[in-house]
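Take a look at the structure below.
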Amino acid sequence: FSASINPLGWPRGVAAAYRHALSLAVHYPEPYAETLTTALARYHNLAATNFIVGNGSTQLIYLLARVLQSRRVLVVAPSFSEHETAFHLVGAQVSRFVLRSPMFTLSVEHLRQRLAEGYDTLVLTNPNSPTGVLVPHEEMCNVVQLCRRLRVRLLVDETFVDWVESESLKDLAPRQPHLFVLR
């Protein structure tokens, strides 16, 4: 269940692009992924300097855990387990903010109360992985502002936001230095 599988199958042109890319496999990749970064910037209508390209989101999760040097991390759960593991490995104290079934609804007020206990980093997935529950954009903007007021870094894993692109926080990230969006 941890594989990101598109139930619609391969998009048109992927097989041809894959065959073409195989011929390039004998070369080292660009050291800073310039071509990919430029294409992503164009596609998302953002500056190329807003992107860090990794070998999948999992690599970036571990990289961010090392770079941020967080002491106290709050993870909205249930969540992708790699977030907790990455921050544990760098010595952070990791706690969970557990969403209750069956609705798994995020209460910004309850989150505010919990963050006030002294966390320096908040991690959440939107849409949530594994529940699939989406926190609406307006509410996510409230979380961004809450974290800014409390001086809490916010790591939002948007691995599955492609299905609801309009809900992404990607447009806010360049203006919010405390916000990190994983795609």
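The values are calculated or read from the model by the stated rules, or taken from the named source; none is laboratory data. Predicted model, so just to flag it, every value in this text is computed and none were measured. Cβ atoms come from the backbone with ideal geometry, glycine included; neighbour counts cover every protein chain shown. Side chains are part of the model used for accessible areas, which takes the heavy atoms of the whole protein and leaves out ligands, DNA and RNA. Shrake-Rupley method; radii C 1.70, N 1.55, O 1.52, S 1.80 Å.
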(request) Calculate, for the chain, the solvent-accessible area per residue in square angstrom, rolling a 1.4 angstrom probe over the heavy atoms of the protein chains. (result) 64
(request) Write out the chymotrypsin sites (Phe, Trp or Tyr not before Pro) in segment 77-183 meeting two conditions: DSSP loop, and at most 11 other Cβ atoms within 10 Å of their Cβ. (result) none
(request) With only alpha-carbon atoms counted, please give the Rg and Dmax of segment 111-152, in Å. (result) 10.9, 29
(request) Please report, as a whole percent, how much of the solvent-accessible surface of the chain comes from carbon and sulfur atoms (probe radius 1.4 Å). (result) 57
(request) Rounded to the nearest 500, what is the 222 nm mean residue ellipticity of the chain from helices alone, with -39500 (n - 2.57) per DSSP H run of 4+ residues and division by all residues? (result) -10500 deg cm²/dmol
(message) Give me the base-10 log of I(q)/I(0) for the chain at each q in 0.12, 0.15 Å⁻¹, Debye formula, one uniform scatterer per Cα, rounded to two decimals.
(response) -0.62, -0.95
(request) Report the FRET efficiency, 1/(1 + (r/R0)^6), for Tyr32 and Phe160, where r is their Cβ-Cβ distance and R0 is 25 Å, rounded to 0.05. (result) 0.40
(request) Only loop residues by DSSP count here, and only those with at most 14 other Cβ atoms within 10 Å; note down the GluC sites (Glu not before Pro) in segment 82-183 that meet that. (result) Glu117
(request) For segment 31-134, count the residues as N, evaluate 2.2 N^0.38 Å, and divide the Cα radius of gyration by that value, please. (result) 1.23
(request) Starting from the eigenvalues of the Cα gyration tensor, five times each then square-rooted, give me the equivalent ellipsoid semi-axes of segment 83-139, largest first, whole Å. (result) 21, 15, 10
